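Read-outs: derived from the displayed coordinates by stated rules, not from any lab. All values reported here derive from a predicted model rather than from experimental measurement. As a convention, Cβ positions derive from the backbone with ideal geometry for all residues, glycine included, and neighbour counts pool all protein chains shown.
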Amino acid sequence: MKIKCEGIELSDAVSKVIKALPLKRMNQVFDCVKLSAKGDELTLLATDLELWIEKKIKAEVLIEGEIVVPGKIFAEYCKKIEEEKIELDGTSKSKLKIKYLDSDVSFSCYDAEGYLELQSVSQEKSIKIDKLAFKDLINKIIFNVATDDSRPPLKGCCLNIKGDVLEGVATDGYRLALAQIPMENTVEKEKIVVPAKSLLEMSRLIDDTEETITLTFEKNFLMLELSGTKIVTSLINDSFLPYEKIIPEEVTTEVVVDKKQFENAIERVSLISRNDKKSYVKMEIKEDVILLKAESSMGEVNEKVQISLKGKDMMIAFNSKYITDAMRAISDQYITLSFTTPSAPGIIKGQDKNWLYLILPLRVMSNK
């Protein structure tokens, strides 16, 4: 292969596809990016056998062909010459020469024959959604996934397709996040579990322009199509937690509070116990205030925040990290805290009602 292209477009494309390279070394070929020149396009592809990312850019193709180049060093070098007009010469299948200005560099390469193609996905099932809404859905739930290997489905996010609504759910067994966005079409009800890493990379690849995107899925794979980019991920085939049964249907205590005031108070209170194994905050809800309290060997702190209370007074405690994590994902001015009993999950909701956070309470004793 031999092509000419703009350095900035090549650098941008390489930086996107290398997100699919394996974190741990597999073999030399799968630490690489496949370059394919055909027609008036250069196609770049990388995979770790769970995630595939393909990106196409415009190019002046002088000689069609394919070559496989070491991914990370190629990306780093392209970043350094992204302001230039670049020629890639891979006519020698064991070497890729990059020419720019009056300079050139060569990388040892591999034959593309042993490199996997982009994983194909059946087009039978697909949904159309707003790109920015999908990114927001991912960002509202992704931080709740489990990080240990004891329950594989919880290392992914459940995408639950319900009529004309896409519902995303993530949980680590102690907290749960749920968010919903509308779809532009309707399909048969379906639940799939997507690895968290794959969804995170999808979110990172979505820019801030308004666009409708397509998600195509089958039993084992999900594909996201953006302009010039395809992302394919394998799915987790284990059943997800039956989360609908966990969310309380009735509440006895409902609190409306200014989100920023509550967040700032929680962060200050949690400082006193942040070095403890389980940093917690006690909440005493009474009349028009919520008293936040934490104590440790370092001392004790109390904060009062004005609220609007509906229902019974309540005394309950939570892991403060779970509260602050949820607050960082919320942009609403006011939030609603809902409780049933001191031992039942607490619910945080926003003003638009299209998302919620569920957190299991803690049983804590005073240090005194």
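Ordering VAL289, ILE57, PRO242 by the projection of their Cα atoms onto the charge dipole of the chain, which places +1 on the Cβ of Lys and Arg and -1 on the Cβ of Asp and Glu, puts VAL289 at the extreme positive end. With a Förster radius of 25 Å applied to the C-beta separation of LYS4 and LYS80, the computed FRET efficiency comes to 0.85. Ranking LEU199, TYR280, SER308 by how far each Cα lies toward the positive end of the dipole of the chain (charges on Cβ) leaves TYR280 at the top.
What value, in deg cm²/dmol to 500, does the helix sum -39500 (n - 2.57) over DSSP H runs of n ≥ 4 give at 222 nm once divided by the residues of the chain?
Mean residue ellipticity, 222 nm, calculated: -5000 deg cm²/dmol.
Once a ≥ b ≥ c are taken as the square roots of the eigenvalues of the Cα gyration tensor of the chain, is the result rounded (a/c under 1.5), prolate (a/b larger than b/c) or oblate (a/b not larger than b/c)? It is prolate, given that a/c is not under 1.5 and a/b is the larger ratio.
Neighbour counts of C-beta atoms inside 10 Å place PHE240, PHE217 in the sequence PHE240, PHE217, starting with the fewest.
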